[in-house]
Amino acid sequence: MLKGILAISGQPGLYKVISEGKNNVVIESLLTGKKSTAYADAKMSALEDIAIYTSTEDVPLKKIFRKISDKENGGPAISTKSSPEELKKYFEIVLPDYDKERVYGSDVKKVISWYNLLQEKDLLVFTDESPEAGAIENSSDNTEIKE
């Protein structure tokens, strides 16, 4: 579901990988549809490699998107223009044990923003697996959202 979708530090929205070269990646903005090139020195994060800290384990973004989708019956999540308090309350309903010290309000807003963009573009396709299935490997450099 999230394969080939990137977040690029300093760039708005999400990007779909069109092709990969030796030192660059041709990408297409999900916001504008414009194609461009991202070079190896750009800080790119694959959504499939991002997870959110909780009190027990790191939860892959894929599972969080599934929980939001289940909560909203496949529809959009809360607006990212909601107050920071409302966004945190919403996220706590979706992921009650998220680590409130290591997951910042900006991270919560970004996750909800990404969900809404992917939902709007019909890119949230969940397989028949349960929300608890399909864990993604985590490493120390991809367990939080960084920009």
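Laboratory data are not the source of any read-out in this text; all were calculated from the coordinates shown. As the structure is a computational prediction, the values presented were derived from the model and not from experiment. Cβ: placed from backbone, ideal geometry, glycine included. Neighbour counts: every protein chain shown.
The packing ranking of peptides 33-41, 116-124, highest mean first, is 116-124, 33-41, where packing means the average number of other beta carbon atoms within 10 angstrom of each residue. List the lysines whose Cα lies under 16 Å from the Cα of LYS3, skipping any in the same chain that are fewer than 8 positions away. Partners within reach: LYS16, LYS62, LYS63, LYS121. Between TYR104 and SER55, the modelled label-to-label distance comes to 2.4 nm, taking each label 7 Å out from Cα in the direction of the beta carbon.
Using only the Cα atoms of segment 5-47, build the gyration tensor, take square roots of its eigenvalues as a ≥ b ≥ c, and label the shape rounded, prolate or oblate: rounded if a/c is under 1.5, else prolate if a/b is larger than b/c, else oblate. Display every interim value, and only then the final one.
Values: a/c = 1.71, a/b = 1.22, b/c = 1.40.
Here segment 5-47 falls in the oblate category.
What full-extension length gain, to one decimal in nm, is calculated for GLU120 and LYS71 as 0.36 nm per residue of separation minus the Cα-Cα distance? Spell out each step's value before the answer.
Details: separation 49, 0.36 × 49 = 17.64 nm, distance 1.60 nm.
16.0 nm is the gain from fully extending GLU120 to LYS71.
Each Lys and Arg contributes +1 and each Asp and Glu -1, all at the Cβ; summed about the Cα centre of the chain, the dipole is approximately 600 debye.
Nearest 500 deg cm²/dmol is fine: what mean residue ellipticity at 222 nm does the chain get from its DSSP H runs of n ≥ 4 alone, each adding -39,500 (n - 2.57), divided by its residue count? Write out the running numbers ahead of the final one.
On the way: 3 runs with 38 residues, N = 147.
Mean residue ellipticity, 222 nm, calculated: -8000 deg cm²/dmol.
When the pairs LYS35/LYS110; LYS88/LYS110; LYS35/LYS67; LYS67/LYS109; LYS81/LYS109; LYS34/LYS71 are compared against a 20 Å limit on Cα-Cα distance, LYS35/LYS110; LYS35/LYS67; LYS34/LYS71 fall above it. Cα gyration tensor of segment 39-98, axes a ≥ b ≥ c as square roots of the eigenvalues: rounded (a/c below 1.5), prolate (a/b > b/c) or oblate? Note, shape of segment 39-98 comes out prolate.
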